Amino acid sequence: MSTLILHGLAAAPGVAIGPALVYQPAEASPAPTPSTATFSVAQEQVRLAKALAQADASLVEHEARLRQANKAEEADIFAAHRMLLHDPSLREMIDQAITEHSLPAPDAVLLAANAQAELLEEIGDDYLRARAVDLRDVARLLERALTGTKSLGEQLSEPALIVARDLGPSDLMSVAQERLLGIVLAGGGLTAHSSILARGLGIPAVVGLGETLLHNVATGTMLALDGAAGQVYVAPNETELATLRAQATALREQEATLREAVSLPTVTSDGHAIALVANASTVAEASAAHAWGAAGIGLLRTELLFLERTTLPDETEQLALYAAIAAELPGLPITVRTLDVGGDKHLPAFPLPHEDNPFLGWRGLRIGLSEPDLLLPQLRALLRAGANAVMRIMLPMVSTVSEVHQARVLLDRAQRELDAEGLAYARQVELGVMIEVPSAALTADALAREVDFFSIGTNDLTQYTLACDRGNQRVAALYQPLHPSVLQLIALTCTAAHRHGRHVAVCGELGGDPKATALLIGLGVDELSCSPGSIPHVRAAIRATNYATAQVMARQALEAPDAAAVKSLLEAGAAS
Ligand code: PEP
Ligand code: MG
């Protein structure tokens, strides 16, 4: 019988082999029964207060443990969980369930958290869905503190791979790391906190495998997980195990070599220099970028700095945030993208009206220009941060030259205001645009006269060029960043930019794919920006590229009929 191989999302790289432990945490009962005679509201409230203190202490401990291990981003997750635990609206709902419905505290906790999580899930946004997982995780922690039931860590007495529908950060942190071989989830996404933690702690993980996982795996089933490929082998045979073991050894060796190479220059074998910078959305990522030898930040997604809050930060707070990011990479350029909400990005602090086509609607710079109260404080904060750091301002979702003119008017206004107020700011800050919309690529020549640099957002450029929603699984096969139409637009952008002495970066996911590095260099891209973890891989790919050969390959790719033909060219290039 052939082995069942499940395909999911590659959440954290690495190979893990071992038995499964299927984890089924407590869930809210759909109709909890009110307590009877012995029930005392006062007693339940005392129980709840004690459990809150106990749960808080365990979150504080997780946070401290991670900070001590220099894992700031992972530690921040638990700081955010403490906010969830003490959220007044959650507390109010729990109290109501106890006092008005006579529910025992554990049921009240699960019910209240479930109701709030369902509200978040209904919005249909990936980020909010991930926060719903966090909320349920906090509720389980509280429920365990109330009932004394076993945590995941207490259930895991032998090394195993955890199999679950979803896993929260507290579940994960309750496990001694040496016993946690890998994580296999039916649900979850790459931005879920359990995925972030798994990557940070170096635990291989595959998520988003669907219900098939839970139907085919029981506690004790032997599993082999390939985190980089996003594959899980259920009851693998000896040949598959041998291949995966060899892969694990090769991965460990490769990792060691990449770590040794962090300070090697990012030049091709024939001496063509490429700037290798990082995408970041938190101070912790900026710090990781520095550790991997990034030459700066190529894309700071500012909207992600504002996610965990219900009000937008004012100018002073933004200034502090940008300064904190810049402090991680002293003297290096920090390219900050102005707020890019809309499409699939929603901020609790800036709720958007419903639209039938949000990706074609009020999004990115369009919002900033029509809501100067949003963009102006950000421009002012960026200009002020530029007084002590090399800041570059980048505008998202630009479709026309006139939008750049309007943004310049706001930038001038910000400068005049700062002058009038006698505040220090950068007078020479570079202004650039993202090339994410075909109209921008096709008029790159006109745009290049107006700005200092371009950064190609291949994630959006692909979706708008192929008319293919980047988040819609049904059309996922059409979403092809290597399609020759996208490559034509990249080439056009580079030619126009260079004609005017401007540089071009790629900051979409394609910029972090080492298989595409030679092609992008051949097309004329000057800078690659990718997640900190991809930096060493892209560095190795740049150093393995020959610029002259890459240019020939790029010309062939531009003439290819489809993405499959481009992939074949890349494979042939890699093999030669
Ligand atoms: C892109 O579109 O390629 C990009 C980098 O922006 P985002 O993924 O944030 O939309
Ligand atoms: Mg984009």
Compute the projected area of the convex hull of the Cα atoms of region 138-199, averaged over all viewing directions, and report it in nm² to one decimal place.
4.1
Rule-of-thumb check for region 41-147: C-alpha Rg over 2.2 N^0.38 Å?
1.10
On a 0 to 90° scale, report how tilted helix 41-68 is relative to the longest principal axis of the chain, with both axes built from alpha carbons and the result rounded to the nearest 10.
40
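Please work out how much length the chain gains when fully extended from M222 to D314, using 0.36 nm per residue of separation minus the C-alpha to C-alpha distance, in nm with one decimal.
On the way: separation 92, 0.36 × 92 = 33.12 nm, distance 5.24 nm.
That pair, M222 and D314, stretches by 27.9 nm at full extension.
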L352/R449 FRET efficiency (R0 30 Å; Cβ-Cβ; nearest 0.05):
0.40
Output the Kirkwood hydrodynamic radius of region 480-576, Cα pairs only, in Å rounded to one decimal.
13.3
At a Förster distance of 30 Å, what's the computed FRET efficiency of T249 paired with E178, Cβ-Cβ distance as r, to 0.05?
0.95
Three-way shape label, region 131-259, alpha-carbon gyration tensor, a/c 1.5:
prolate
Rounded to the nearest 0.05, FRET efficiency between A548 and A115 (Cβ-Cβ, R0 51 Å) equals 0.25
Potential lengthening between L423 and S439 on full extension [0.36 nm per residue; Cα-Cα distance subtracted]
2.0 nm
Please quote Rg/Rh for region 261-575 to two decimal places, taking the Kirkwood radius as Rh and restricting both calculations to Cα atoms.
0.96
Is there a quick way to get the dipole size of region 505-576? I mean about its Cα centre, with the Cβ of Lys and Arg at +1 and of Asp and Glu at -1; what is the value in debye to the nearest 20?
220
Helix 72-85: inclination vs the chain longest Cα principal axis, degrees, rounded to 10, gives 50
Per the Kirkwood formula over distinct C-alpha pairs, the hydrodynamic radius of the chain in angstrom is 25.5
Quick one: order S576, S151, S370 by neighbouring beta-carbon count within 10 Å, fewest to most.
S576, S370, S151
Can you compute the modelled spin-label distance between A273 and L478, with each label point 7 Å from Cα toward Cβ, in nm?
4.3
Could you state the angle between the C-alpha long axis of helix 401-421 and the longest principal axis of the C-alpha atoms of the chain, as a value from 0 to 90 degrees rounded to the nearest 10?
80
Hey, got a sec? Which trypsin sites (Lys or Arg not before Pro) in region 395-467 land in a DSSP loop and have at most 14 other Cβ atoms within 10 Å?
R427
Taking 0.36 nm per intervening residue step and subtracting the Cα-Cα distance, what contour gain separates A327 from D412 on full extension?
28.0 nm
Which of the trypsin sites (Lys or Arg not before Pro) across region 519-576 are loop residues per DSSP, with 13 or fewer other Cβ within 10 Å?
none
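No lab work stands behind these numbers, since they all come straight from the coordinates. What you see is a predicted model; the values in this text were computed from it and never measured. Heads up, the Cβs are rebuilt from the backbone with ideal geometry, glycines too, and the neighbour counts pull from every protein chain shown.
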